[in-house]
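A short worksheet on the structure shown next.
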Amino acid sequence: THSSVVNDICVDAAGEYVGSCSEDGTVAIHSLYNASEAVTHFYHQPVKAIALDPDFSSGRRVFACGGLGGQLILNSRGWFGAKDDVLHAGEGTIHAIKWHGA
């Protein structure tokens, strides 16, 4: 859950998961059908935008987020848990994200 203003929300293509991001630096992802499927990721700066992989509900738990830190981050699940990869940085605040073809 968030402790500050929610900046963006998105739903995966199947309409099964909702993701949200907040000024408190958190990204929360919840299943709309199974309350036990909820996860929160913590970032150190306000997160302004989030986009879930259109195939998120098929088991590919990938999302992109960004914000005041000026980094576009791709979060994916690896062998040892969640992994963040910086896809782009250095051009200011990330305000919006969209998957190509989505």
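The values are calculated or read from the model by the stated rules, or taken from the named source; none is laboratory data. None of these values were measured; they are calculated from a predicted model. Positions of Cβ are generated from backbone atoms using ideal geometry, with glycine treated the same way; all protein chains shown enter the neighbour counts. Ligands, DNA and RNA are excluded from the accessible area calculation, which covers all protein heavy atoms including side chains. Shrake-Rupley method; radii C 1.70, N 1.55, O 1.52, S 1.80 Å.
Before moving on, here are some points about what is shown:
- Residue in the stretch 9-20 that is assigned to a loop (DSSP other than H, G, I, E, B), open to solvent by less than 10 Å² (accessible area, probe 1.4 Å) and in contact with a helix residue (DSSP H, G or I) (Cβ under 9 Å, 6 or more places away or on another chain) present: yes
- Matching residues in the stretch 71-102 - criterion: being over 15 Å from the mean Cα position of the chain (by Cα) and under 16 Å from ASP8 (Cβ atoms): THR93, ALA102
- Residues that are of a type in the set (A, V, I, L, M, F, W, C) and within 30 Å of ASN34 (Cα to Cα) within the stretch 54-85 comprise PHE56, VAL62, PHE63, ALA64, CYS65, LEU72, ILE73, LEU74, TRP79, PHE80, ALA82, listed in sequence order.
- Among residues of the stretch 43-61, those that are among the hydrophobic types (A, V, I, L, M, F, W, C), farther than 15 Å from VAL11 by Cβ and surrounded by fewer than 21 Cβ atoms within 10 Å (Cβ to Cβ), counted: 0
- In the set (1) of a type outside the set (Lys, Arg); (2) free of Cβ contacts under 8 Å to residues at least 40 places away in the same chain; (3) surrounded by fewer than 14 Cβ atoms within 10 Å (Cβ to Cβ), LEU68 fails one condition alone, (3).
- If you check ALA51, ALA35 for being assigned to a strand (DSSP E or B) and either among the hydrophobic types (A, V, I, L, M, F, W, C) or within 11 Å of the chain's Cα centre (by Cα) (or both), only one passes: ALA51.
- Selection status of LYS98, on the phi < 0 side of the Ramachandran plot, without any contact (Cβ under 8 Å) to a residue 12 or more places away in the chain and open to solvent by 60 Å² or more (accessible area, probe 1.4 Å): no
- For the stretch 21-42, filtered to residues that are of a type in the set (A, V, I, L, M, F, W, C) and out of contact with any helix residue (DSSP H, G or I) (no Cβ under 9 Å at 6 or more places or on another chain), the residue that is most open to solvent (accessible area, probe 1.4 Å) is PHE42.
- Residue within the stretch 83-94 that is surrounded by 15 or more Cβ atoms within 10 Å (Cβ to Cβ) and of a type in the set (Lys, Arg) present: no
- Applying the condition of being β-branched (Val, Ile, Thr) and touching a Gly at 6+ places or on another chain (Cβ under 9 Å) to the stretch 51-102 and asking which residue is farthest from VAL27 (Cα to Cα) yields THR93.
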